[in-house]
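The values are calculated or read from the model by the stated rules, or taken from the named source; none is laboratory data. Given the structure is predicted, the values throughout are model-derived calculations rather than measurements. Cβ atoms come from the backbone with ideal geometry, glycine included; neighbour counts cover every protein chain shown. All accessible areas refer to the heavy atoms of the entire protein, side chains included, with ligands and DNA or RNA removed. Shrake-Rupley method; radii C 1.70, N 1.55, O 1.52, S 1.80 Å.
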Amino acid sequence: MITNFEARCKALVVELGLGTADDVRSIVSLTGGVASDIGKVVLADKTICIKFALPKLKVAQDWRAPVHRNTAEYHWLQTALQIAPTAAPRLYGRSETQHGFAMEFLDGPDVYLWKSALLQGQPPRGEAERVADLLGQIHAASALPDFDRSPFQNRDDFEELRIDPYLRFTATRHPEVARQITAVVDAIYANDTVLVHGDVSPKNIMIRGDVPVILDAECATMGDPSFDVAFCLNHLVLKAFHVPQMRAALRAEMTAFWAAYVRHITWQNADELDCKVATLLPMLMLARIDGKSPVEYLDPETAKCVRIKALNLISRPPATLDEVFDEIYQTFKG
C-alpha cells in the first residue's frame, strides 16, 4: 500500500478515474479529525475531499480501529443521500484496497461548520431542529422491513469505536456507577433497530445555506437509536457549560432537537426512547470528560462541574429528557 499521503491521494484520483496524477494541482491536509487522514485535493476541473481511515487514532490513549470502517462510512453516505438528497456530500467513488474515498469538498460563503458557530457563541439558526429532522428521517427509513441492512452489520466495530472507548472505559474509571453504565451499554450493543451514524456531532455537520450535511460516518451500524440522539444532544449540553451567554438559546435548541426527532419515531414507543436517551445522555457527558476522547475546549474547573453533574444524573436517572435538561440547568443557577 502507498504510504505517503500525497502519493495516496494521487493514486486514488487515478484509480477512481477522476483524472491523472498530473491533473492534481494541490493537496492540503485537513485537520480536526482523529480517525482519518483527510485532504483537500484541487484537480483541473473540480476540488474534492479525500479520506483514508487510520488504524490508530490520533488521541493520547492507545485507540485502534479496523480500517475497513471506511466501507461502512461510504455506505452510510450513499444511504443518507438516497433518503434525503442533501444529507451528505456528493460521492466520487471508493477504493477497496486503499481504504479511502473521494467526495465533494464543501466550501463557499453559505457553508459553515456547526461546531465553530456554537463555540463562537453565534445565535442559533435552527440547526438543531433541522439536524434532528434529518436524523429522524434516516432512522425511520432504516427501520422499515425492506431496508437493506446487509452493509451495516458492524456491531463489533461499533463496540471498538464507540461503546468501549467512550463508555466501558469510562466505567472502569468510575466504579461507583460502573454497574449502571455497563447495563446500558450492553443493551445498546444488543439493539439493531435502526441505522446508527455513531458520531452525530457538530464537528461533523456542515451547514450549507440552511441545510445540514452530515459527515464522518465511520461508526455506522444497525444499532440503537438512542445513541445518535444522546450523542448529539451531549454536544449541545457541553457547549452550554462552555459558553455561558448561549445557555438560554441552547436550552431551546435541545428542546427543538427532540421535538423534531420524535415526530419520526415509528419503530417503538416514543416515551420509552425518551427515557433511554435521558439515561444515556449523562453517561456520554461523563465519557467526554473521562473517556478516551475527552473534549478539548473545557477548562479543568468546568470539566469537574460536568463530571459531578453527570455522576449525579447517572446515580439518580431522570425519566425524561426535559428532566435531564432541567437538572443540568439548575447547575447554572447555583
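Scanning the range 178-205 for residues that are surrounded by fewer than 18 Cβ atoms within 10 Å (Cβ to Cβ), among the β-branched types (Val, Ile, Thr) and outside any loop (DSSP other than H, G, I, E, B) yields a count of 1.
Pairs only if they're at least six apart or on different chains, beta carbon under 6 angstrom, first in the range 220-249 and basic (Lys, Arg), second modelled with pLDDT under 95; list them, first residue then second. Listed by first residue and then by second, the contacts come to Arg247/Phe332.
Report the residue count in the range 112-143 for those that are open to solvent by less than 30 Å² (accessible area, probe 1.4 Å), part of a loop (DSSP other than H, G, I, E, B) and more than 16 Å from Cys232 (Cβ to Cβ). Looking only at that region, the number is 1.
Look at (1) outside any helix (DSSP H, G or I); (2) buried (at least 21 other Cβ atoms within 10 Å of the Cβ) and you find that Met283 fails only one, number (1).
A single entry from Lys309, Lys333, Lys239, Lys276 fulfils the requirement of being closer than 20 Å to Leu118 by Cα and charged (D, E, K, R): Lys239.
Inspection of the range 12-21 finds no residue satisfying the criterion of being modelled with pLDDT under 95, open to solvent by less than 70 Å² (accessible area, probe 1.4 Å), within 26 Å of Asp210 (Cβ to Cβ) and over 27 Å from the mean Cα position of the chain (by Cα).
Screening the candidates Ala252, Ala270, Ala278, Ala259 for the property of being closer than 19 Å to Ala128 by Cβ and either open to solvent by less than 20 Å² (accessible area, probe 1.4 Å) or among the acidic types (Asp, Glu) (or both) yields one hit, Ala278. Exactly one residue out of Arg288, Arg263, Arg208, Arg251 is touching a strand residue (DSSP E or B) at 6+ places or on another chain (Cβ under 7 Å) and among the basic types (Lys, Arg): that is Arg208. Scan the range 305-318 for residues that are open to solvent by 50 Å² or more (accessible area, probe 1.4 Å) and more than 12 Å from His242 (Cα to Cα) and the total you get is 6. Across the range 147-174, the qualifying residues are those that are open to solvent by 80 Å² or more (accessible area, probe 1.4 Å) and in contact (Cβ under 8 Å) with a residue 40 or more places away in the chain, and the one among them that is farthest from Asn191 (Cα to Cα) is Arg173.
For Glu296, indicate whether it is within 17 Å of the chain's Cα centre (by Cα), free of Cβ contacts under 8 Å to residues at least 40 places away in the same chain and open to solvent by 30 Å² or more (accessible area, probe 1.4 Å). Considered against the rule, which asks whether it is within 17 Å of the chain's Cα centre (by Cα), free of Cβ contacts under 8 Å to residues at least 40 places away in the same chain and open to solvent by 30 Å² or more (accessible area, probe 1.4 Å), Glu296 comes out as yes.
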